Amino acid sequence: MAVNAAQEWWQTAVIYEVYPRSFADASGDGIGDLAGVTSKLDYLANTLGVDAIWLCPFYPSPQVDFGYDVSDFTAVDPVFGTFGDFGTLVREAHGRGLRVIIDYIPNHSSDQHPWFTGSRSSLDHPKRDWYVWADPAPGGGPPSNWTSEMGGSAWQFDAATGQYYLRSFHPEQPDLNWRSAALRQAMLGVLEFWLGHGADGIRIDVAHMLAKHPEFADNPVREQPLRNFTDRQHPDFDRQEHLNDRLQPEVHEYLAMMRRVLDDWSARSGRKRVAMAEVEVMPWDRWSRFFGRRDDGVHLPFNFRLIEADWSPQALAASVEGQEAALPLGAWPNYVLQNHDRARLATRLGLRHVRNAAMLLLTLRGTPTLYYGEELGLADLPVGQERWLDPLGRDESRAPMPWTSEPGGGFGPLGVSSWLPPYPDLATVSVAAQLRDPGSVLNLYRGLITMRRSTPALLGGRYETVKAEDGCLCYLRSTDEQEVLVALNLGAESASIELPRPGRLLLDTSCHRRQAQRKRLDLPRYSGAIIELDPN
Ligand code: BGC
């Protein structure tokens, strides 16, 4: 559907993150599954109009970290269906022009993975070095001060062999050792496997963690925490500078290996495959490690910057300009406002910011990634700590997708209780209810997606900030033939903006469109508009 034939599909695509457990339950066990996802492909491809889905993990797993603890990298967990269900999903998606990106989790496995049960069984097991093992520190205790993203030390003592293993997340998620050639071979084999079964690309889980300091040097300790946002993950993150437990230069080498596999499949099959790397917020000068200077790393970041930026014109502009400047030739920007690890935007910032957020996300230069339910303006569902299955409480941003207003929200068969309760306000938030309301958030997303697709300046045009003050963020997106101004009033006061040239409204955040030519733009508080400027 690319307007600019020179752009790759992932540069013009809107990617939609599907959390399979929470999207749709076809089997009737209260937990979403792959057949459920397949049953909603018409919604995704036609009603909403996205171009690709990213499927969170559906591999066999004890589910300590909701599938990010994989015990078999090349199979489907019965909770999510069968291997045949995956094939059907891919076939049906491709039949609708939708690409399927899978979650690739190279940094760790489950402790139940046979690789790890072998590795931990003895010091000289052939797979011992497939994981990161180390002797206790000289005076006893963990080999270094590295902290786990789930809190506490990242090292787990294993009495059977008297060594520690590294687990950057839960104790049940031992880190794989990418310094071992045999492990690399095995994990690249996993990639080959899924590409061979139709995957159009990968989202690489915690790509920034793949390469650690070879001698496990301590991280420098930080006295003052740096960040000012509430993050459910990484409770201890800010106490150290994470220089040695991640981001070592070899990360590029490992990502380049993955890229070669993808390129090879693209060449062999004639279908281009994409790599999108989850990269945490870090100084911009480190970003080139992910892409390489010769376009030999990943194609896209999965960029958390907008999630963590202050919701002010200045901070948002700085974040966009930072990425624009940081990406080396060949790499393409990506923007994300929410995902399965963070509080939803309506909860973080408040419902009043949802519409401007949608307009921002879908008009920047780069690939937008939506999280399921974002198009409905969903907030988190407070379920109470006693109901959390995830120790960090991320369940609250993973509640069942509300499809209809009937009891249970149409998530699964009528009468089946879902693994988390349904949203209480189904009569207003559900897909069915919002489709009936021309001014709903869902209809705004649909309008933005359609407009983006038919507006070359939005798909591939240059980006330039023209105003980032007085509560307003305005930027131009332009090709040689078309100039579009996006004006967002993020503040609590109304604003009036003089246009550089007359223009006509393409869409505003109340879903009005195609209004007559104008020279000034009046924006009520918390509202935005897209104006196509008259040719010079
Ligand atoms: C995933 C989390 C997960 C962690 C460990 C993250 O990036 O998005 O859900 O807990 O990686 O795999």
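The alpha-carbon of K519 sits under 25 angstrom from the alpha-carbons of these lysines, leaving out residues fewer than 8 places away in its chain: K467.
Please work out whether the range 461-533 counts as rounded, prolate or oblate from its C-alpha gyration tensor, where a ≥ b ≥ c are the square roots of the eigenvalues and a/c under 1.5 means rounded, while otherwise a/b larger than b/c means prolate and anything else oblate? Because a/c hits 1.5 or more and a/b fails to exceed b/c, the range 461-533 counts as oblate. The overall shape of the range 114-166, judged from the alpha-carbon gyration tensor, is oblate: a/c is not under 1.5, and a/b is no greater than b/c.
The phi-based Karplus calculation (6.51 cos²θ - 1.76 cosθ + 1.60; θ = phi - 60°) puts the 3J(HN,Hα) values of the range 353-361 at 9, 4, 5, 5, 4, 4, 5, 4, 4 Hz, whole numbers, x for Gly and Pro. Remark: spin-label model distance E321-T88 equals 5.2 nm, labels positioned 7 Å along the Cα→Cβ axis. At a probe radius of 1.4 angstrom, the accessible area of the range 1-123 per residue rounds to 30 square angstrom. Scanning the chain for GluC sites (Glu not before Pro) in DSSP loops with at most 16 other Cβ atoms within 10 Å, what's the longest stretch left with none? By the stated rule (loop sites, at most 16 other Cβ atoms within 10 Å), 242-480.
Note that the range 86-92 has calculated 3J(HN,Hα) couplings of 5, x, 4, 4, 5, 4, 5 Hz, one per residue in order, obtained from phi through the Karplus relation 6.51 cos²θ - 1.76 cosθ + 1.60 (θ = phi - 60°); glycine and proline are x. Counting only Cβ charges, +1 for Lys and Arg and -1 for Asp and Glu, the dipole size of the range 114-166 around its Cα centre is about 100 debye.
Basic side chains Lys and Arg get +1 at the Cβ, acidic Asp and Glu get -1 at the Cβ, and with that the dipole of the chain about its Cα centre reaches some 1540 debye.
Of the residues Q482, H512, G471, the one whose Cα sits farthest toward the positive end of the charge dipole of the range 378-536, with +1 on the Cβ of Lys and Arg and -1 on the Cβ of Asp and Glu, is Q482. Per-residue ellipticity at 222 nm, computed for the chain from helices alone with -39500 (n - 2.57) per DSSP H run of at least four residues, works out to -6500 deg cm²/dmol. Protein heavy-atom surface of the range 461-533, 1.4 angstrom probe: 41% of the accessible area is carbon and sulfur, with nucleic acids and ligands not counted.
The values are calculated or read from the model by the stated rules, or taken from the named source; none is laboratory data. Given the structure is predicted, the values throughout are model-derived calculations rather than measurements. Positions of Cβ are backbone-derived with ideal geometry, glycine not excepted, and every protein chain shown enters the neighbour counts. The area values use the complete protein model at the heavy-atom level, side chains included, leaving out ligands, DNA and RNA. Shrake-Rupley method; radii C 1.70, N 1.55, O 1.52, S 1.80 Å.
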